Amino acid sequence: MKITYGISLYDYIEIPAGELVAILRENRVEALEFFHGMFAQGDILETLELFRQLVFSGSVVRTSWHMPFCCGYDLSTVPENYWNQERLNFASQLGLARLLNAGIAVFHSSLEPILNYERTRKIGNVIANCEALAPVLKANRVKGALELLPRSCIGNTVEELQYIIERLDPEVYGVCLDLNHCMDRYRELPDAIRALGGRLLELHVSDYDGVDEKHWVPGEGVNDWPAIMAALKEIDYDGQFVYETRSKGGTVRDRIGKLTENYRWLSTLSK
């Protein structure tokens, strides 16, 4: 098993891109997850070039792109509406992702709330939309990873995610398992990892209180990290290990440094 130390950049855009890139180099971060908001303000071309230099320097070996989960990006929408409205937006997102060498695009299957009476229909919409988007993913050499989501969202259990991805091309789609989205089923995370096996493309790594998402640093909540790391070793996981934390207080350098120390601790559990 080789876990690749990665960070979602979602929580670190309050400092200039050049400063952030320097901190990522200092901490030897090996994988990055980008998102559209990073390129929505300021000098977009400069930001893009700084991160391209980092990605293609050889120190970052894997990247992914988190697709938007608002403003119409809802895979559970009626397929005709989704495809007609979001075709260009989707293609432009993937084009930017490819400039950053992203091999995975992480999707949320729905917004929320989802009412019980509409759940089956919306699951069908997700499958239909994913099938329609598959050729675009293939053309860009990107795999789609449907994320385990909390609360009432589509894909809020491993069983529901499995139902969806079993109906999709395994060469195109897999799962992003968010380790703080299991709500009260956190004890089942090791079994979920085993059940997903080779369809597991990426992990969003954080901890929580066993009730609702918190995005705490691993070890600060209820997750059983020795059992989680053992399950990853058992399936010989070699995907991205992306910290998606919302640390409060301290500088960006302090917060990323804390994750680096945490990664060293988790790495000892996988030996």
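Using the Kirkwood formula over every pair of different C-alpha atoms, what hydrodynamic radius in Å results for region 1-125?
Details: mean 1/r = 0.0623 Å⁻¹.
One over the average 1/r among Cα pairs gives 16.1 Å for region 1-125.
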Choice from I44, I104, I154 with maximal GNM fluctuation in the chain (Cα, 10 Å cutoff):
I44
Tensor-based shape of region 125-209 (alpha-carbon gyration tensor, a/c under 1.5 rounded, otherwise prolate or oblate)
prolate
Quick tally, 1.4 Å probe accessible area for M1, M38, sorted with the most first, runs M1, M38
At a temperature of 20 °C and a viscosity of 1.002 mPa s, determine how fast the chain diffuses translationally according to Stokes-Einstein, using the Kirkwood radius over alpha-carbon pairs as Rh; express D in µm²/s, rounded to the nearest whole number.
114 µm²/s
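How long is the gain from A40 to Q53 if the chain were fully straight, where each residue apart is worth 0.36 nm and the alpha carbon distance is subtracted? Please report the intermediate quantities before stating the final value.
On the way: separation 13, 0.36 × 13 = 4.68 nm, distance 1.93 nm.
Extra length from A40 to Q53 when fully extended: 2.7 nm.
So, R0 is 41 Å and r is the distance between the beta-carbons of L115 and R25; what FRET efficiency does that work out to, to 0.05? Provide the component values of the computation, followed by the final result.
Working: r = 47 Å, r/R0 = 1.15.
Using R0 = 41 Å, I get an efficiency of 0.30.
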For region 224-271, inverting the pair-averaged 1/r of distinct alpha-carbon atoms gives a Kirkwood value in Å of 12.0 Å
Candidates N156, N101, N89, ranked by Gaussian network fluctuation over the chain, Cα under 10 Å, top entry:
N89
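Using DSSP H assignments, which helices in the chain have an axial alpha-carbon span of 24 Å or above and a mean Kyte-Doolittle hydropathy of 0.0 or higher?
Numbers: long enough: 79-99 (29 Å, -0.80); 119-139 (31 Å, 0.22); 252-269 (26 Å, -0.70).
Counting only whole DSSP H runs, the qualifying helices are 119-139.
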Loop only by DSSP, 12 or fewer other Cβ within 10 Å of the Cβ. Give me the trypsin sites (Lys or Arg not before Pro) in region 1-84 that pass, ordered by residue number.
K2, R28
Amide H proximity to K143 below 5 Å, modelled H, separation 5+ or other chain, gives I104, A105
For K122, K138, K258, the accessible-area ranking with a 1.4 Å probe, largest leading, is K138, K258, K122
Of all stretches in the chain that avoid GluC sites (Glu not before Pro) placed in a DSSP loop and having at most 12 other Cβ atoms within 10 Å, the longest is 15-165
Can you give me the Cα centroid spacing of region 165-239 and region 1-68 in angstrom?
23 Å
Highest-MSF residue in the chain out of T157, T47, T120 [GNM, Cα springs under 10 Å]
T120
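Take the alpha carbon gyration tensor of region 100-241, find the square roots of its eigenvalues, order them as a ≥ b ≥ c, and report rounded if a/c is under 1.5; if not, report prolate when a/b exceeds b/c, else oblate.
Values: a/c = 1.88, a/b = 1.25, b/c = 1.51.
Oblate is the answer for region 100-241, as a/c is 1.5 or above yet b/c matches or exceeds a/b.
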Taking the Cα-to-Cβ direction at V78 and at A134 and moving 7 Å from each Cα, how far apart do the two end points lie in nm?
2.4 nm
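If each DSSP helix of 4+ residues adds -39,500 (n - 2.57) and the sum is divided by the residues in the chain, what number results at 222 nm, nearest 500 deg cm²/dmol?
Details: 8 runs with 108 residues, N = 271.
So the helix-based figure for the chain works out to -12500 deg cm²/dmol.
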For D191, solvent-accessible area (1.4 Å; no DNA, RNA or ligand), Å²:
100 Å²
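The values are calculated or read from the model by the stated rules, or taken from the named source; none is laboratory data. Everything quoted here is computed from the prediction, not taken from an experiment. Virtual Cβ from ideal backbone geometry, glycine too; neighbours counted across all protein chains shown. Heavy atoms of the whole protein, side chains included, go into the accessibility calculation; ligands, DNA and RNA do not. Shrake-Rupley method; radii C 1.70, N 1.55, O 1.52, S 1.80 Å.
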